[in-house]
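Trainee: Just passing along the structure, written as structure tokens.
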Amino acid sequence: NSGKTKVLVNYYRRFQNSYRSLKQIIAPFKDDLSSATIYYYKGLLNYASHAFDIINFILENSLLINGLSVQLLDYDYFEDDPTTSATFESSGVKYNLVGENTTNPILDIDLIFKNHRILINKLGNTALVYHNDILIHTFDNMIKNYMIDVLNRVKSLFFNNTQNDNFKESLDLNKQLI
């Protein structure tokens, strides 16, 4: 807590202006989430962790995994990081984690709220916001030129003397997975 360490975790979507805008749209109904399905490939830590971070970021609520039921562990890419299919609950919300054994990159998130649905797909590059069954907002190219927003975050973190040590905060991003 007394250090001056500055860390930038590779969850770059949280630094994108488009994700900040999506977060603002979701804010009025974020507590109405009833279920979520995550489709991913290439390992729990390698890809699914990015989906968890997106959810944590846009809902401003850390996933606290309870009642984990693993259906499949597939050691398809990394010997220490299986692509896992599982169900679990977090804060009364049901999650379905679908690990795909494919060479086709996939990272899609389907969030079901009481009166809304958010579909984040194409590796997090697009998002569709529905109110009931009516499309009310579309985000395209959410991660196009993503390094611009990442570099702006780096500048803010490392060159802003008022910013405190963020090492513990950075470790907390993966606390549940660890």
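Any read-out appearing in this document is the output of simple, stated calculations on the displayed coordinates, not a laboratory observation. Every value quoted in this text rests on a predicted model; they were computed, and no experiment measured them. Counting neighbours? That spans all protein chains shown, and the Cβs are built from the backbone with ideal geometry, glycine included.
Trainee: Using mean Cβ contacts within 10 Å as the protection proxy, how do 108-120, 73-85 order, highest first?
Mentor: Ranking, from highest mean packing down: 108-120, 73-85.
Trainee: Looking only at the chain, where both bridge partners belong to it, what percent of the DSSP beta bridges are antiparallel (to the nearest 5)?
Mentor: 85 percent
Trainee: Given Cα pairs under 8 Å that are at least 6 residues apart, what percent is the relative contact order of segment 19-84?
Mentor: Taking the mean separation of contacting Cα pairs over the length of segment 19-84, I get 36 percent.
Trainee: Filter the cross-link list Lys6/Lys122; Lys42/Lys114; Lys23/Lys122; Lys114/Lys144; Lys30/Lys122 down to pairs whose alpha-carbon distance in this structure exceeds 27 Å.
Mentor: Lys6/Lys122; Lys42/Lys114; Lys114/Lys144
Trainee: To the nearest 20 debye, what is the magnitude of the charge dipole of segment 37-115 about its Cα centre, counting +1 on the Cβ of each Lys and Arg and -1 on the Cβ of each Asp and Glu?
Mentor: Using only the charged Cβ atoms, the result is roughly 320 debye.
Trainee: Same structure again: If you average 1/r over every pair of different alpha-carbon atoms in segment 34-123 and take one over that average, what Kirkwood value in Å do you get?
Mentor: Hydrodynamic radius (Kirkwood, Cα pairs) of segment 34-123 is 13.2 Å.
Trainee: What are the ³J(HN,Hα) values, in whole Hz, obtained from phi via the Karplus relation 6.51 cos²θ - 1.76 cosθ + 1.60 with θ = phi - 60°, for each residue of segment 128-138 in sequence order, with x given for Gly and Pro?
Mentor: 10, 10, 10, 10, 6, 10, 9, 5, 10, 7, 10
Trainee: When 1/r is averaged over all different Cα pairs and the result inverted, which Kirkwood radius in Å belongs to the chain?
Mentor: Value: 17.2 Å, from the Cα pair sum.
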